[in-house]
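Structure first, then comments.
The values are calculated or read from the model by the stated rules, or taken from the named source; none is laboratory data. Values in this document were obtained by computation on a predicted structure and should not be read as measured data. Methodologically, a virtual Cβ is constructed for each residue, glycine included, from the backbone with ideal geometry; neighbour enumeration extends over all protein chains shown. Quick note on the areas: whole protein, heavy atoms, side chains included, nothing else; ligands and nucleic acids left out. Shrake-Rupley method; radii C 1.70, N 1.55, O 1.52, S 1.80 Å.
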Amino acid sequence: MIIWIASYPKSGNTYLRSFISSYYFSKKGKFDFDLLLNILQFPSIKFAKKKINSELEASQSWVYNQQQFFSGEKIHFIKTHNSLNQHKGNNFTTNNLTLGAIYIVRDPRNLITSMTHHYSLNFEEAYLKLVNKKQTLLEKSRDNDYSNFTFVGSWSDHYKSWKNSNDFKVLFIKYEDLENNKLNTFIKVINFINNLQKGKTIIDEKKLRNSINSTNFINLRNKEENEGFEESVYTRSGAKKRFFNLGFNNRYQKILPKNILYKLNNTFQNDLNDLGYKLDE
């Protein structure tokens with residue numbers, strides 16, 4: 001069975017799974033990058049039984065590959081950026097394979113600046129991806145293998161597909177709460193996971209605080225600088241980029257061009273209101 005750690009790209013997924021892996025897969029709550037190997041990404045070549053040759057074949061294989069790798073009573077924490085909306089008539093997962101999900105949403109006006117950095121885009125290119133209902137990802141593909149193919153869709157459709165799902169339980173959290181209400185938010189995460197597992201509901205407070213402290217954004221950034229991080233990406237010229245870049249210091253009010261801010265506020269006005277994000281210019 002699967003517990004998904006889901007988000008639109010660049011919304012704090014790695015930060016969240018760093019905390020989860022530290023709490024559930026270390027003895028004392030001390031984080032190390034190797035712990036992230038306990039929460040791998042799907043779709044991926046690692047979780048594919050054969051080479052996949054097209055987007056259609058990829059979406060047709062999602063449920064099949066989950067059955068091959070994640071069926072049974074054992075619980076697997078799995079990261080994904082995939083939408084829950086159908087792609088070419090195919091579902092991403094089923095309630096027979098999924099125990100529950102934790103979805104993390106982020107204000108798109110801060111998210112977009114992380115996208116420009118990570119994917120080497122300008123703001124207009126990033127904006128067009130955010131509003132594209134057919135947006136996809138195919139990272140680290142080799143020999144035209146579509147095993148990594150991910151259907152993302154628009155930012156708005158993406159978060160709604162998980163938030164409004166009735167097929168399984170979803171804990172919906174905001175990236176900003178990991179800054180403003182970190183302790184209570186992580187307590188919610190642990191209680192949610194423990195309830196899904198029907199295990200102990202008592203929280204190890206010392207391990208919890210160690211997990212929070214050792215996955216502090218500054219600590220993660222320092223570890224990346226000192227040890228490297230395999231999920232880092234490169235610029236088009238070949239220079240390595242910092243994965244843990246601005247984090248909570250990413251303030252769209254100081255960074256976003258006025259025309260892009262206007263577009264985002266206008267396009268996502270209802271979503272921003274629904275999520276409790278202040279509309280300002």
Given a Förster distance of 30 Å, the FRET efficiency implied by the Cβ-Cβ spacing of residue 265 and residue 167, rounded to the nearest 0.05, works out to 0.40
Add -39500 (n - 2.57) for each DSSP H run of 4 or more in the chain, then divide by its residues: what number comes out at 222 nm, to the nearest 500 deg cm²/dmol? -12500 deg cm²/dmol
Ratio for region 12-159, C-alpha Rg to 2.2 N^0.38 Å, reads 1.09
Scale the Cα Rg of the chain by the rule-of-thumb value 2.2 N^0.38 Å and send over the ratio, two decimals. 0.98
Equivalent ellipsoid semi-axes, region 17-75, via Cα gyration tensor eigenvalues times 5, rooted, Å: 29, 13, 8
Check each of the trypsin sites (Lys or Arg not before Pro) in region 71-125 and keep only those in coil by DSSP with at most 13 other C-beta atoms within 10 angstrom; list them in order. 74, 88
Rounded, prolate or oblate: pick one for region 72-194, where a ≥ b ≥ c are the square roots of the eigenvalues of its C-alpha gyration tensor, a/c under 1.5 means rounded, and failing that, prolate if a/b is larger than b/c, else oblate. oblate
Name the shape class, rounded, prolate or oblate, that the alpha-carbon gyration tensor gives for region 102-148, where a ≥ b ≥ c are the square roots of its eigenvalues, rounded holds for a/c under 1.5, and otherwise prolate holds if a/b is larger than b/c and oblate otherwise. prolate
Sequence gap at least 6, Cα distance under 8 Å: using those rules, report the relative contact order of the chain to the nearest whole percent. 23 percent
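Report, for the chain, the % of DSSP beta bridges that are antiparallel, rounded to 5. Show your work: numbers first, answer last.
Working: 4 of 22 bridges.
Taking every DSSP beta bridge with both residues in the chain, the antiparallel ones total about 20 percent.
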For residue 138 and residue 27 in one chain, what is 0.36 nm times their gap in residues minus the Cα-Cα distance, to one decimal in nm? 36.4 nm
Residues meeting the amide H criterion for residue 79 (H placed from the backbone, H to H distance under 5 Å, 5 or more places apart or on another chain) are 5, 40, 41, 42
Rounded percent of accessible protein surface that carbon and sulfur make up, region 12-140, 1.4 Å probe: 48 percent
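So which GluC sites (Glu not before Pro) in region 105-213 end up in coil per DSSP with only 15 or fewer other C-beta atoms within 10 Å? Can you show the working numbers first?
On the way: sites: 124, 125, 139, 176, 179, 205; in loops: 139, 176.
The qualifying sites are 139.
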Sequence-distant residues sharing a close amide H with residue 176 (under 5 Å, placed H): 107
With the other protein chains left in place, how much accessible area per residue, in square angstrom, belongs to the chain at a 1.4 angstrom probe? 49 Å²
Using each residue's phi in region 180-197, evaluate 6.51 cos²θ - 1.76 cosθ + 1.60 at θ = phi - 60° and report the 3J(HN,Hα) Karplus result to the nearest Hz, with x for Gly and Pro. 8, 8, 4, 4, 5, 5, 5, 5, 4, 4, 5, 4, 4, 5, 5, 5, 4, 7
